[in-house]
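The values are calculated or read from the model by the stated rules, or taken from the named source; none is laboratory data. Keep in mind that this is a model prediction, so the values were computed, not measured. We place every Cβ from the backbone using ideal geometry, glycine too, and count neighbours over all the protein chains shown. For accessibility, only protein heavy atoms count, side chains too; no ligands or nucleic acids. Shrake-Rupley method; radii C 1.70, N 1.55, O 1.52, S 1.80 Å.
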2 protein chains.
Amino acid sequence: MKFIHTSDWHIGRQLHNQNLLEDQRFVLNQIVEFAVEHDVDAVIIAGDIYDRSIPPANAVALLDEVVNRLVNELKIPVVMIAGNHDGHERLGFASRQMTDSGLYIIGPLTKNVAAIELKGKQGSAVFYGLPYADPATVRHVFECEVTSHEEAMVKLLEQVHIHDSQDLPKVVISHCFLDGGSESESERPLSIGGADRISPSLFTPFNYTALGHLHGPQYKGAEHVRYSGSMLKYSFSEQHQNKSVTLVELDNQGKANVELLPLAAMRDVRIIEGELAELLEQGKTDVNREDYLMVRLLDKTAILDAMGKLRSVYPNVLHLERTGLMADNGRVELSRDHIKKGELDMFSDFFSQVSGEPMTEAQQQAMTAAIDELHKVESAS
Amino acid sequence: MKFIHTSDWHIGRQLHNQNLLEDQRFVLNQIVEFAVEHDVDAVIIAGDIYDRSIPPANAVALLDEVVNRLVNELKIPVVMIAGNHDGHERLGFASRQMTDSGLYIIGPLTKNVAAIELKGKQGSAVFYGLPYADPATVRHVFECEVTSHEEAMVKLLEQVHIHDSQDLPKVVISHCFLDGGSESESERPLSIGGADRISPSLFTPFNYTALGHLHGPQYKGAEHVRYSGSMLKYSFSEQHQNKSVTLVELDNQGKANVELLPLAAMRDVRIIEGELAELLEQGKTDVNREDYLMVRLLDKTAILDAMGKLRSVYPNVLHLERTGLMADNGRVELSRDHIKKGELDMFSDFFSQVSGEPMTEAQQQAMTAAIDELHKVESAS
């Protein structure tokens, strides 16, 4: 049994107001190609299929396209669970009418765990799809007393334990936060104050656990209890993460052998730092200048339309930090004189950028007088 | 081939802010029961499945429930097209993964018409599902020049004409406005100024046309070109309509025999008219006092909290019209004296309702003086 484990597609997500749909299509195509290349028996998506409970229509259309290629054209079964970002009812609509096709969508939590037996070319396995469910939902569905995320998960896993898989390996699919996991900035917390943490040891008894929620690929507790990570970098905090999907092969003893298949983004998400002139210069020869960038400008002077200038070279600058100015502001204890000097300097920078020439001595004196006058009025009022 | 033709379910719709989900579940259950009772080969829903392109989650869950009963439990195929209220991409998601189950959802318009052959216990038929599409959409999908709704429909029907149904009867499913059709207040116009009208004669060549959009059951051009009407009254303008689904049986010659199966609402939608005291009295013995009501009050005096009083007897009064007061206002040419008298009368009504006693002569004089004083101030300012 060989399958691809992926999660956190977040189709429809934006990065600093930038629509990522084409980037998502690009990387989803790679996942489909990996499925073909490695001749997998299934593709498992461990939640956060969409970014929002009400995804935009073109996000729905993109998922429809991908599912159609995998399930209808390539005959590769797809199993997906709803994550904390997904609208469970919406995602799960008509899921009972899809199973014959090989598409298994586990939407709202029900009393009976979804146990899906898939036949592989080299052996079969049973996949247990647990949609994201907070303690209140588990209490409601099972009419039982659970207060923490961990207790809720214990309740859900009871059914996996007692289910008779006819000696086939058991693969759990879950969307949760394992204790000790590394977060990124793009995950939405499941609860406040750490009450969402679950011990990895709950999952070690199973042959493999395909997890979603954390956006960096990682395992916790044991190598077969694993987050695939998201398919794209969804925040600048992830600039150094290597995104991938996880290729899992269960051998005859049910042991999971794991390989990470790296995903290449259409446009990388990264942070660059330097003075404006320097960045503009290096941008001219940067083959990846289409990347999504956060720029940290080290210049200590005011700059007119820094964003416009940067975008003339790096078209996809999404965020600008004036690190140089901030550092100065942080360092200097501002006195009245310092503020005055600051204002003249600022205007002087502005003037020289607009006129193309520095201020003359006379102009500087006139400006100083004007600023003084303004401060007098300000103090008097 | 025997099937139920229904349309305009508008699941998730509200009537004057009243959630209708339980009413919708009630009547959907009847449709399921009709399907069993008449042993039909299919259920056809001609658009406006939901009321909005983004239906509430509980509306999605209700449709899921109904579809599951029909398709999975009863093995009755269901064919539905997107109407002008539906979000085509959302409704159509994963529809290609559902067809094996017997659920056919025709969402966004595509170049190839959906031709669905269904085998009945007494003969088969081909169903052509045309989702609602305005001229711009047809232009875009077919890359052709059409400007009116009629031209667009001609374009769509071309494919139905040329499709080889192997001599099986052709049933068209469409959501549009036929010329001469009777409107209700609850339909959203497809375009302004009548440009949405389509000649019924376009559909007469087919064995049956199952139409959606107009909420009153009716046929146009020929008896086999037919609107089933909505499953509930969605405005007070529909109070006298009899809601039903259409039972269609195609005989061996492909001729459609039609029977209307009446739907009973959990709560009727109707208008009652009278003076408050009279309505309150008759409400005590009205076995249908739970109905959704518009009340036209004929009283000519001001009434404190008329809505509250009515709802103590008729709990689901949704709208109140003070017909009696309006009639007076329309009739009387108001002079300054009339206004004064009006104000005193109004206050006098109010006073007697609050205190339970009429105003004394002295109180009336004091009030008249107060009103005069107010008018003086008003004139001076």
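Structure summary
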| quantity | calculated |
| --- | --- |
| All positions within the stretch B:92-128 that are crowded, with 23+ Cβ neighbours inside 10 Å and more than 14 Å from every other protein chain (Cβ to nearest Cβ) | B:Ala125, B:Phe127, B:Tyr128 |
| Selection count, the stretch A:254-283, where residues are in a strand (DSSP E or B) and surrounded by 14 or more Cβ atoms within 10 Å (Cβ to Cβ) | 10 |
| Test: A:Asp39 is more than 25 Å from B:Asp86 (Cα to Cα), modelled with pLDDT of 95 or more and surrounded by fewer than 16 Cβ atoms within 10 Å (Cβ to Cβ) | yes |
| Residue list for the stretch A:4-19, restricted to those being surrounded by fewer than 24 Cβ atoms within 10 Å (Cβ to Cβ) and touching a residue at least 60 places away in the same chain (Cβ under 8 Å) | A:Leu15, A:His16, A:Asn17, A:Gln18 |
| Test: B:Ile54 is over 14 Å from the mean Cα position of the chain (by Cα) and part of a loop (DSSP other than H, G, I, E, B) | yes |
| B:Val36 being within 14 Å of another protein chain (Cβ to nearest Cβ), of a type in the set (Val, Ile, Thr) and either under 23 Å from the mean Cα position of the chain (by Cα) or farther than 30 Å from B:Arg139 by Cα (or both) | no |
| Selection within the stretch A:58-91 - farther than 17 Å from A:Asp8 by Cα, more than 7 Å from chain B (Cβ to nearest Cβ) and open to solvent by less than 10 Å² (accessible area, probe 1.4 Å) | A:Leu70 |
| Some residue of the stretch B:288-306 being at pLDDT 95 or above, surrounded by 15 or more Cβ atoms within 10 Å (Cβ to Cβ), in a loop (DSSP other than H, G, I, E, B) and outside the structural domain of B:Asn84 (by TED's automatic domain parsing) | yes |
| Selection status of A:Phe142, in contact with an Asp or Glu (Cβ under 7 Å, 6 or more places away or on another chain) and among the aromatic types (Phe, Trp, Tyr) | no |
| Residues within the stretch B:29-59 that are farther than 20 Å from B:Ile106 by Cα and out of contact with any strand residue (DSSP E or B) (no Cβ under 8 Å at 6 or more places or on another chain), tallied | 9 |
| Cβ pairs under 6 Å, 6+ apart, first in the stretch A:119-130 and among the hydroxyl-bearing types (Ser, Thr, Tyr), second assigned to a strand (DSSP E or B) | A:Tyr128/A:Ala115; A:Tyr128/A:Val172 |
| Subset of the stretch A:132-141 (residues that are of a type in the set (A, V, I, L, M, F, W, C) and either under 16 Å from A:Ser174 (Cβ atoms) or crowded, with 19+ Cβ neighbours inside 10 Å (or both)) | A:Ala133, A:Val138, A:Val141 |
| A:Ser7 being small (Gly, Ala, Ser), closer than 26 Å to A:Leu168 by Cα and within 8 Å of chain B (Cβ to nearest Cβ) | no |
